[in-house]
Amino acid sequence: MRVMAQMGMVMNLDKCIGCHTCSVTCKQAWTNRSGVEYVWFNNVETRPGQGYPRTYEDQEKWRGGWQLGRNGRLSLRTGSRLKRLLTIFSSPVQPSINDYYEPWTYDYETLTNAPVQEHTPVARPRSLLTNKPMNIKWSANWDDNLGGAPELTQADPVLQKISAEIKEKFEQTYMFYLPRICEHCINPSCAASCPSGAIYKREEDGIVLVDQDRCRGWRQCVTGCPYKKVYFNHRTGKAEKCTFCFPRVEVGIPTVCSETCVGRLRYIGIILYDADRVLEAASTPNDQDLYMAQRSIILDPHDPEVVRAAERAGISRDWIDSAQRSPIYSLITKFEVALPLHPEYRTMPMVWYIPPLSPVVDALTETGHDGEDAGNIFGAIESLRIPIEYLAELFAAGDTSLVTGVLKKLGAMRAYMRDLNLGRPADESIATAVGMTGQDIQDMHRLLAIAKYDERYVIPAIHAEQGPEREEFDTGCSLDYEDGPGMGGWGPFGETSGGSTPIAVENFHMLSARQTTDTLSAPPTKAQRVNLLNWDGKGAPEGLFPSRGNDDARHGPDGGGDGPGSPSVTEPKP
Amino acid sequence: MNALDIVLWVIVPYISLAIFVVGHYWRYKYDKFGWTTRSSQLYESRLLRWGSPLFHFGILFVLIGHVMGLGIPKSWTEAVGLSETAYHAMAIGVGAIAGFGTLVGLGILLYRRRTTGPVFSATTKNDKFMYLVLTMTILFGLSNTVLGVVGHGGVDYRDTVSPWFRSIFYFNPQPELMAAAGPGFQLHALSALLLFAIWPFTRLVHVFSAPLGYFTRPYIVYRSRDRQLGNRATPRGWDRVGGPRR
Ligand code: HEM
Ligand code: SF4
Ligand code: SF4
């Protein structure tokens, strides 16, 4: 047994209102630079829908993830190492910018420059790639809220797996949101397909990162990831991906997307898993068994044997402690309501989802039934085949019984808790019908409905004695790096050259530039951007809003407030 | 042999090679972040699908050809019984095919660069100069091969260019050999020397990252958080005490 810790996330889809706050704040923090205009490390898709990039789930076409060979061995779907090096000069399958969307801005200047005329002047869209006028035909969430359905929705690869007659009715009956980030897979195919070995999984917390200094722009990882969550920065020529906000989680605060989530539906915690059995689990022959296989490598952090093995592996006591209190461990293993997204890609994803029950309840209520009566819900879950099959394709490789089981638990929770809330005696038979006890249901309800900040996010900070090993070191002078302070500019070969800038320094330049800039988009230097990385959720982030009057203090170059300078304090929040 | 010959065939080659070597060392040390293919496949792949493999496989064969033609002395091939005519038939045959593949590939790539909007916008001045020198070198080189096929070249490069090339590396340069090689070879050699001099400062550095290590490494790379202290290299005197980490 080789114990490793893995940071993971669970999202409760019932609560997602599709507001895209997570996407926008993530973009502000990480991808508001030129070169990654089209990139959304976090995106929210309406399902059914094509997703972003379009139809990325069609692995016959995009060839992402792993597949099981006839010999039972796991190999990349894109082909052997040799084959991929022979085709490296032009990747056979790689999404083009049109599969994401061509990024644009508006020619706002005409609004103020235009001569006096009869009609109001219009700000025309201009491509951020060519700077030419363009027609907007697609974007990261063009089919938001079933926009363009049913024509656009028909191209949804998940929908196409379900039979034709069902497809017709689908969009009238069912819709939900699916927020997606990188899965920080336990068996990441992006890392496996990187010829330079630049993508690595951190030993300490399992976060998957691209080493910007070792990436050589072979762009194989873009094809390799089945979730299409590695993106190519077309200006620097390097791959970039979701970082799980490592500078934040290293000091114990949640990722930006979680911090800002309006529905408070994201849970972050760590799990312990047995690294020796990953390959075996990922090679499980039957797709539908992959869920259980992945569950089986997750270790019980309360088991003394596991604790000892973890300590032997150098995992510190407070990390083990966090693993024991981990909300994601509870949701995955104790309550068994969280499911992995597309386990059949065999990458062992670590962002899991609680499938949505609300649409079932809504459908019930529309037909005049009591949507929260246990009997009615159970019946509806059995009879509403369409959404169940769809959810099963997403979260269980098509195994509907798994999804039905989870939805029944969620339904039972509603019914059971309603009795309690209305002051009626608890009906224990509801709990036993889904194999739980009343106490379990109440615990689950607490975690899903009222858990506070420090219950939703159990993130062990890095140890003080490991402080120097943090990627961003806060006791050294942040300006003291190669090429000295205040460089902010580019290396000798234009904007893509030179060393990478520490986030703190970038923040400093961004803030000062932001206050003096005339342009809104495509900032001429990479330094001009709002950065939410140091924001702890209190007040407004620096630079996001124009300054009010003269309160210079807030915009002082030291960033004011408490940045990463005060690590590991996670104040409980409402 | 006059002063110009010495400048062109002794001084310039050494300067160029020195820039090539030191330049790469310097670039790698100071600009790892800029060391990339800067792939443009995101913008366009229909033309790239043909142009890039044609060009790359072509130029890799051309490279092998150069290693053989310049590196292996004539006496060696003759010693294994390969006749002069047989060698040339082979070299010119393979060379011409690879060379034309390269040229056609490069043509497609250049056409693509100019006509595809986003690709053109992403082309820097540095790229343009590199393409100019690269294209020149390939054109001069290929014209030598063509003249060789036609048979009126007159000079056997294996008696002139190759020994001169090797003499550079023996540190016993023999400029008179190159001076006698004829203008075709001279122009090709000069533009190649220019190409080597600019090489470390262009996107061509990606050639030295050809990912051969991929065959031997495990699929998944695990790495600990950065070993160095923060963003900068550990200053002297601040190294941590050894012993158990974590
Ligand atoms: C030895 C292994 C090599 C590998 C693996 C390799 C790989 C690549 C890759 C992946 C690209 C990006 C293509 C794209 O997506 O846009 C590229 C571009 C390029 N390579 Fe190479 N290359 C190699 C050798 C060479 C050599 C020897 C040369 C020339 C001397 C060369 C010249 C170029 C040029 C000029 C481009 C830009 C093409 C364009 O977009 O116009 N490469 N290479
Ligand atoms: S989801 Fe993330 S970790 Fe998994 S393969 Fe894709 S980029 Fe890699
Ligand atoms: S912020 Fe939360 S509720 Fe809003 S779209 Fe994102 S995940 Fe859904």
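Nearest 0.05, what FRET efficiency do B:S143 and B:W50 give at R0 = 30 Å with Cβ-Cβ as r?
E between B:S143 and B:W50, to the nearest 0.05, is 0.80.
Counting only other chains, and only Cβ atoms inside 10 Å, what mean value do you get across the residues of A:186-194?
Details: counts 1, 2, 3, 2, 1, 5, 6, 2, 6.
Counting other chains' Cβ atoms within 10 Å and averaging over A:186-194 gives 3.
With a sphere of radius 11 Å drawn around the Cβ of B:R38, what net charge do the other residues whose Cβ falls strictly inside it have (Lys, Arg +1; Asp, Glu -1)?
Details: positive: A:R216, A:R219, A:R235, A:K238, B:R203; negative: B:D127.
With Lys, Arg at +1 and Asp, Glu at -1, the neighbours total +4.
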Which whole-Hz ³J(HN,Hα) couplings does segment B:164-171 yield from phi under the Karplus relation 6.51 cos²θ - 1.76 cosθ + 1.60, θ = phi - 60°, glycine and proline marked x? 4, 4, 5, 5, 4, 7, 7, 6
Taking a ≥ b ≥ c as the square roots of the Cα gyration tensor eigenvalues, with a/c under 1.5 meaning rounded and otherwise prolate when a/b beats b/c, else oblate, which class fits segment A:350-457? oblate
Which residues' amide hydrogens lie under 5 Å from the amide hydrogen of A:L299, considering only partners 5 or more residues apart or on another chain, with H built in the peptide plane? A:L272, A:Y273, A:D274
Top positive-direction residue, dipole computed over segment B:15-170 with Cβ charges, set B:N144, B:V119, B:H88: B:V119
Spelling out what I want: for every residue of segment A:430-446, take phi, set θ = phi - 60°, compute 6.51 cos²θ - 1.76 cosθ + 1.60 (Karplus), and round to whole Hz; glycine and proline get x. 4, 5, 5, 4, 10, x, 10, 9, x, 5, 3, 4, 5, 4, 5, 4, 4
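Within a 10 angstrom radius of each residue's Cβ in B:119-128, how many Cβ atoms of other chains show up on average? Whole number is fine. Walk me through the intermediate numbers first.
Details: counts 3, 1, 7, 6, 0, 4, 1, 4, 1, 0.
Mean partner-chain Cβ count within 10 Å for B:119-128: 3.
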Under a Cβ-Cβ cut-off of 11 Å, what is the net charge of the residues other than B:Q174 that fall near it, where Lys and Arg count +1 and Asp and Glu count -1? -1
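Given 20 °C and 1.002 mPa s, compute D for segment A:1-130 with the Stokes-Einstein relation, Rh being the Kirkwood radius over Cα pairs; round to the nearest whole µm²/s.
Details: Rh = 19.4 Å.
This corresponds to a translational diffusion coefficient of 110 µm²/s.
Given a 1.4 angstrom probe, what's the average accessible area per residue across chain B, in square angstrom? Present the calculation step by step, with values, prior to reporting the outcome.
Working: 13310 Å² over 246 residues.
Per residue, chain B has 54 Å² of solvent-accessible surface.
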³J(HN,Hα) across segment A:309-316 via Karplus (A = 6.51, B = -1.76, C = 1.60, θ = phi - 60°), whole Hz, x for Gly/Pro? 4, 5, 5, 4, 7, x, 7, 6
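Compute the relative contact order of chain B as a whole-number percentage, counting only Cα pairs closer than 8 Å that sit 6 or more residues apart in sequence. If you can, show how the numbers build up before the last one.
On the way: 202 pairs, mean separation 79.2, N = 246.
Relative contact order of chain B: 32 percent.
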Separation between the B:N172 and A:D419 pseudo-spin-labels, each 7 Å from Cα along Cα→Cβ, expressed in nm? 10.1
Can you pull the percent of segment A:112-243's accessible area that's carbon plus sulfur, 1.4 Å probe, other chains left in place? 50
Residues whose placed amide H lies under 5 Å from that of A:Y353, excluding near-sequence neighbours: A:M11, A:L339, A:L341
What nm distance separates the two modelled labels at B:N126 and A:N113, each placed 7 Å from Cα along Cα→Cβ? 3.1
Using per-residue counts of other Cβ atoms within 10 Å, averaged over each peptide, order A:386-394, A:179-187 from highest down. A:179-187, A:386-394
In the A-B interface, the accessible area buried, summed over both sides, Å² (probe 1.4 Å): 6100
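So, for segment A:17-103, what is the accessible surface per residue at a probe of 1.4 Å, expressed in square angstrom?
Working: 3030 Å² over 87 residues.
Value for segment A:17-103: 35 Å² per residue.
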Which order do the peptides B:195-203, A:109-117, B:105-113, A:81-89 take when ranked by the mean count of other beta-carbon atoms within 10 Å per residue, highest first? B:195-203, B:105-113, A:81-89, A:109-117
Value of Rg to Rh for segment B:141-218 (Rh from inverse mean 1/r over Cα pairs, i.e. Kirkwood): 1.13
Cα gyration tensor shape of segment A:184-306, rounded if a/c is under 1.5, else prolate or oblate by comparing a/b with b/c: oblate
What is the Cα centroid distance between segment A:25-97 and segment A:335-390, reported in whole angstrom? 27
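What net charge is computed for the residues neighbouring A:G18, neighbours being all others with C-beta under 10 Å from the C-beta of A:G18, Lys and Arg scored +1, Asp and Glu -1? Show your work: numbers first, answer last.
Details: positive: none; negative: A:E45, A:D144.
Cβ neighbours under 10 Å give a net charge of -2.
Provide the FRET efficiency to the nearest 0.05 for the B:V104-B:S75 pair, computing r from the beta carbons and using R0 = 30 Å.
After rounding to 0.05, the efficiency reads 0.25.
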Taking the Cα-to-Cβ direction at B:V21 and at A:V93 and moving 7 Å from each Cα, how far apart do the two end points lie in nm? 4.7
When Cβ neighbours within 10 Å are restricted to other protein chains, what is their mean count per residue of peptide B:196-204? 1
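The values are calculated or read from the model by the stated rules, or taken from the named source; none is laboratory data. Computed from a prediction, not measured in an experiment: that's the story for all the values here. Glycine gets a Cβ as well: all are built from the backbone with ideal geometry, and neighbour counts include every protein chain shown. We work out accessible area using only protein heavy atoms, side chains counted, and drop any ligands, DNA or RNA first. Shrake-Rupley method; radii C 1.70, N 1.55, O 1.52, S 1.80 Å.
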